[in-house]
Amino acid sequence: GACAVTMDAAKSVTATFTLNIYALDVTKTGTGSGTVSSAPIGINCGADCTETYDYNTVVTVTATADTGTTFSGWSGACTGTGTCAVTMDAAKSVTATFTLNTYAIDITKTGTGSGTVSSTPLGISCGADCTETYDYNTVVALTATADTGTTFTGWSGACAGTGACAVTMDAAKSVVATFTLNTYELTLSK
């Protein structure tokens, strides 16, 4: 508070001023994952998402998306998708949004026969629905079912052979299922 000095002898007074410090709080949200770091150092979110800085320090916050994730943008004390510069003249908070990438799988049916292709997890029911999107790194198992009088003769594209087809969705993928109309020999005897 106020300092009152009675001057009955030589006196000295020291006034101490402390620079204010304010907290910067980082929150991560969204379906994806990533890290947020700062310059000057302090924030490494992952583990350390709150740090205090001296008044008027300009803190540059950078978001780095993990593989299969896109950094979608800032909210709070920053906006946009670039680096975020925050002047610490009060307590501040920023939110970094990370979105898990999705990729399309496209099924094409070919050949003289007919049939359907279905998926696990659900989504593909080709007949009607031959394209679907899945989250990054989802393993999509495809099953081909030949119609009566038709044989499933194999996969091409992201799968091969006639057995099970499992596609890891780390990029857009296409798969071709070939169905061949059965032929039968007619033997006549007299």
- Item | Failed item in (1) open to solvent by 30 Å² or more (accessible area, probe 1.4 Å); (2) in contact (Cβ under 8 Å) with a residue 12 or more places away in the chain; (3) not in a strand (DSSP E or B), with K190 passing the rest | (2)
- Which ones in the range 69-93 are surrounded by fewer than 18 Cβ atoms within 10 Å (Cβ to Cβ) and either part of a loop (DSSP other than H, G, I, E, B) or aromatic (F, W, Y) (or both)? T79, T81, G82, T83, D89, A90, A91
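Tell me yes or no: at least one residue of the range 128-144 is in a strand (DSSP E or B), polar (S, T, N, Q) and open to solvent by less than 40 Å² (accessible area, probe 1.4 Å).
Filtering the range 128-144 for residues in a strand (DSSP E or B) gives 129, 131-135, 139-144.
Adding the requirement that they be polar (S, T, N, Q) leaves 131, 133, 143.
Still in the running and open to solvent by less than 40 Å² (accessible area, probe 1.4 Å): none.
No; the residues of the range 128-144 include none that is in a strand (DSSP E or B), polar (S, T, N, Q) and open to solvent by less than 40 Å² (accessible area, probe 1.4 Å).
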- Query: Here are some residues: A141, A146. Which one is farther than 18 Å from T110 by Cβ and out of contact with any helix residue (DSSP H, G or I) (no Cβ under 7 Å at 6 or more places or on another chain)?
  - Reply: A141
- Message: Tell me the residue from A9, A39, A23 that is touching a residue at least 40 places away in the same chain (Cβ under 8 Å), farther than 27 Å from M169 by Cα and either among the acidic types (D, E) or exposed (fewer than 15 other Cβ atoms within 10 Å of the Cβ) (or both), please.
- Response: A23
- By residue number, the members of the range 42-63 that are surrounded by 15 or more Cβ atoms within 10 Å (Cβ to Cβ), among the β-branched types (V, I, T) and over 18 Å from N20 (Cα atoms) are I43, V61, T62
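The values are calculated or read from the model by the stated rules, or taken from the named source; none is laboratory data. Every value quoted in this text rests on a predicted model; they were computed, and no experiment measured them. Positions of Cβ are backbone-derived with ideal geometry, glycine not excepted, and every protein chain shown enters the neighbour counts. Accessible surface is based on the protein model in full, side chains and every heavy atom, while ligands, DNA and RNA are left aside. Shrake-Rupley method; radii C 1.70, N 1.55, O 1.52, S 1.80 Å.
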